[in-house]
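*Asks:* Got a structure here, written out as structure tokens. Questions coming.
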Amino acid sequence: MKKFDKGYIYSSLLSDLFSSLVVVFIFLKDFFIDESAKVEDKIAAIPFFVIGFAVVYLCFIVYRILYYKTSGYELTENEIKCNRGVFFRKRSVLDYRKVHAINKRQNLFHRIFGIAVLTVDSGSTNTSQQAEITIIEKDKNVDALLNELNALKEGGTRNAESTQPKDELLLSDKDSLYRFTTGKKVLYTLINIASTAFFTVMFGLLAIIVIGICKLMLQQNFLGTWGQYFLYAFLITIGVMLLFSIFSLIGCLIHSFVGYYKFKITKRGNDIQISYGLLEKHTNTFSYDRIKAVKITQGLVQRMLGFAAIRLEVIGYTNNTGDDNKNADLGVLVPFCKYEEVGEILSKVLPDYVPDEKQTKSAAYFPFVSWFLLVLGIVLGATLILAITDMLIYNVPVVVIFAVSLAMIGVGFVILIIKVISAILSYQTNGLAITNGKITAYYGGFTKNVTVFSFKNLIAVENITTPLRKRAGIASLVLHLKTNALSNEIKVHIQKDSLSDDVEKLLIL
């Protein structure tokens, strides 16, 4: 069995160097930042800091060396084997034909020493939180292994003929289908900031209004003090928003320009490969037939401006780490594009997952807000009665009681307005399309989602209704997909009750 490359030790110890400093500082920070401690005592404690650092770093060194000694991999005729672990040894064996996704990761420390991490996943839901196979090798060796495993998962047997590279179709060169250009990245950043700032401003204004009502009712001579208060509140809000926007802008720019650096989609035969990243490079490879669903998402601002993101539900297509931890989540296919381009993009990359036009729509509007109105009314009414009762017990002035009551009612009214807007958007969005062996589900409120999946990945259908809705012939539909447990439900609300019968028939196909 071939051992992992020694670069693993060097790159890990380089990152562990910073970790050791942080660990020691956490334990000793109270002493060093204590203002009552004398300078002489702090200088005398430096040797203890150095000794602590040396002990912690030595533990890291021992662990990395033991991991290197006990880890390795082997490619046999029909399967790939991998050993790894120190305190808990793992031995994984995976048949080539059961390879689901192959992902390459290379962070900054890996690049310094010319290595990369290759994770191989079977797509089993039992192991959806970890990769079955982990290989740490030289960058060029990982690329060769990636190509070889892509060929082996089709042929199933390791021989010279099966490892020949397939014809490559590059989908993101100068004449590409999709390019994440500088202009798109800047627009992507601004829209993300606008989406966050919209709700922040809304709740900020809500706070000013509520406090202002109380201030207005309590202040006898409010013309000067109220104006001064509102000015201060407005300036503070603007300052916070500007500061928040600056940090958001920097974070989004780093994410879009660094995280999606040289974003590229490549198609080789039945395999799709997506690579991106500057400081940490990712190369995710998966088979076309292993895709469970395609999801198109639009935030509120994106929806207003006509932009969207396309994501994939593929178990194993994630940003894996060298320690075998991973989040079984949706992988990005296209981070940012015009909504009208979605069909064109998918028709060239994933033609079986082009969304169809909605065939059904929400059967009624009121059910989107009925339960919310009931709960809001009960909670607001009970809270209001309790608050008024307490204030009467403590002989609070009537003007104060009136101000507090008015503020609470104002908060409830604003929350209701937000819910009404969300309900209107949900009413317009929810629906289904069933054509050509696939289902296109439309759902969501402020965030619009469109999920496309095939009949074969539908495993269960739930019909959720109430006695009143049953008499009206309406129900909500919950579709369960054959995928990981984190994202296997799609809820389409307030449809005709007979729709669930039509969908249930697809389970026997």
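The values are calculated or read from the model by the stated rules, or taken from the named source; none is laboratory data. Note that the structure is predicted; figures quoted are calculated from it, not measured. Please note: Cβ atoms are built from the backbone with ideal geometry, for glycine as well, and neighbour counts cover all protein chains shown.
*Asks:* Scan region 69-82 residue by residue and report those that are out of contact with any Ser or Thr (no Cβ under 9 Å at 6 or more places or on another chain) and either assigned to a helix (DSSP H, G or I) or surrounded by 15 or more Cβ atoms within 10 Å (Cβ to Cβ) (or both).
*Replies:* Once the filter is applied, which keeps residues that are out of contact with any Ser or Thr (no Cβ under 9 Å at 6 or more places or on another chain) and either assigned to a helix (DSSP H, G or I) or surrounded by 15 or more Cβ atoms within 10 Å (Cβ to Cβ) (or both), region 69-82 yields LYS69, THR70, GLY72, LEU75, GLU79.
*Asks:* Here's a follow-up. Give VAL342, VAL399 a once-over and let me know the one that is β-branched (Val, Ile, Thr), outside the structural domain of VAL450 (by TED's automatic domain parsing), surrounded by 15 or more Cβ atoms within 10 Å (Cβ to Cβ) and touching a residue at least 24 places away in the same chain (Cβ under 8 Å).
*Replies:* VAL342
*Asks:* Cβ-Cβ distance below 7 Å, separation of 6 or more or different chains: which pairs start in region 370-385 with a residue that is under 21 Å from ARG469 (Cα atoms) and end on one that is at pLDDT below 90?
*Replies:* LEU376/GLY412; LEU376/ILE415
This table checks each residue for (1) outside any helix (DSSP H, G or I); (2) of a type in the set (Asp, Glu); (3) within 22 Å of VAL342 (Cβ to Cβ).
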| site | (1), (2), (3) |
| --- | --- |
| GLY251 | no, no, no |
| PHE257 | no, no, no |
| ASN284 | yes, no, yes |
| MET304 | no, no, yes |
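*Asks:* Same structure, new question: Restricting to region 421-431, count the residues that are more than 13 Å from THR447 (Cβ to Cβ), surrounded by 15 or more Cβ atoms within 10 Å (Cβ to Cβ) and of a type in the set (A, V, I, L, M).
*Replies:* Number satisfying all stated conditions: 1.
*Asks:* Condition first: in contact with a Cys (Cβ under 7 Å, 6 or more places away or on another chain), modelled with pLDDT of 85 or more and not aliphatic (A, V, I, L, M). Can you find one or more residues in region 109-117 that meet it? Quick ask: steps written out before the conclusion?
*Replies:* Residues of region 109-117 that are in contact with a Cys (Cβ under 7 Å, 6 or more places away or on another chain), as a first pass: none.
Among the residues of region 109-117, not one is in contact with a Cys (Cβ under 7 Å, 6 or more places away or on another chain), modelled with pLDDT of 85 or more and not aliphatic (A, V, I, L, M), which makes the answer no.
*Asks:* Considering only residues that are aliphatic (A, V, I, L, M) and not in a strand (DSSP E or B), which ones fall in region 83-117? First the steps, then the outcome.
*Replies:* Taking region 83-117 first, the residues aliphatic (A, V, I, L, M) are 86, 93-94, 99, 101-102, 108, 112, 115-117.
Scanning region 83-117 gives VAL86, VAL99, LEU108, ILE112.
*Asks:* To continue, here is another question. In region 353-392, what residues are acidic (Asp, Glu), modelled with pLDDT under 90 and surrounded by 13 or more Cβ atoms within 10 Å (Cβ to Cβ)? Working first, answer last.
*Replies:* We begin by selecting, within region 353-392, every residue acidic (Asp, Glu); these are 356-357, 390.
Keeping just the survivors that are modelled with pLDDT under 90 gives 390.
Within region 353-392, no residue meets the criteria.
*Asks:* Considering only region 444-493, how many residues are among the charged types (D, E, K, R) and either in the same structural domain as VAL294 (by TED's automatic domain parsing) or under 30 Å from HIS100 (Cβ atoms) (or both)?
*Replies:* The qualifying residues number 6.
*Asks:* What number of residues within region 78-114 are of a type in the set (Ser, Thr, Tyr) and either in contact with a Lys or Arg (Cβ under 6 Å, 6 or more places away or on another chain) or not assigned by TED's automatic domain parsing to the domain that holds GLY277 (or both)?
*Replies:* 1
*Asks:* Return the pair list, or none, for Cβ contacts closer than 6 Å from residues in region 284-300 that are at negative phi and surrounded by 24 or more Cβ atoms within 10 Å (Cβ to Cβ) to residues that are at pLDDT 85 or above and assigned to a helix (DSSP H, G or I), at least 6 apart or on different chains.
*Replies:* Qualifying pairs under 6 Å: VAL294/TYR353; ILE296/VAL342.
*Asks:* Still on this structure, I have one more. Answer yes or no: is there a residue in region 198-221 that is at pLDDT below 65, under 30 Å from ARG91 (Cβ atoms) and either assigned to a helix (DSSP H, G or I) or not assigned by TED's automatic domain parsing to the domain that holds SER11 (or both).
*Replies:* no
Here's the yes/no breakdown for (1) in contact with a helix residue (DSSP H, G or I) (Cβ under 6 Å, 6 or more places away or on another chain); (2) assigned to a strand (DSSP E or B); (3) of a type in the set (Gly, Ala, Ser):
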{"residue": "GLY377", "(1), (2), (3)": "no, no, yes"}
{"residue": "MET391", "(1), (2), (3)": "yes, no, no"}
{"residue": "LYS419", "(1), (2), (3)": "yes, no, no"}
{"residue": "LEU425", "(1), (2), (3)": "no, no, no"}
{"residue": "THR440", "(1), (2), (3)": "no, yes, no"}
{"residue": "VAL461", "(1), (2), (3)": "yes, yes, no"}
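*Asks:* In region 81-117, which residues are more than 17 Å from ALA151 (Cα to Cα), touching a strand residue (DSSP E or B) at 6+ places or on another chain (Cβ under 8 Å) and among the aliphatic types (A, V, I, L, M)?
*Replies:* Selection gives VAL93, ILE115, ALA116, VAL117.
*Asks:* Let me ask another. Being within 13 Å of the chain's Cα centre (by Cα) and modelled with pLDDT of 85 or more: is that true of THR318 here?
*Replies:* On the way: within 13 Å of the chain's Cα centre (by Cα): yes; modelled with pLDDT of 85 or more: no.
No.
*Asks:* Could I ask something else about it? Going through ILE291, ILE272, ILE296 one at a time, which residue ends up being closer than 19 Å to TYR339 by Cα and in the same structural domain as TYR339 (by TED's automatic domain parsing)?
*Replies:* ILE296
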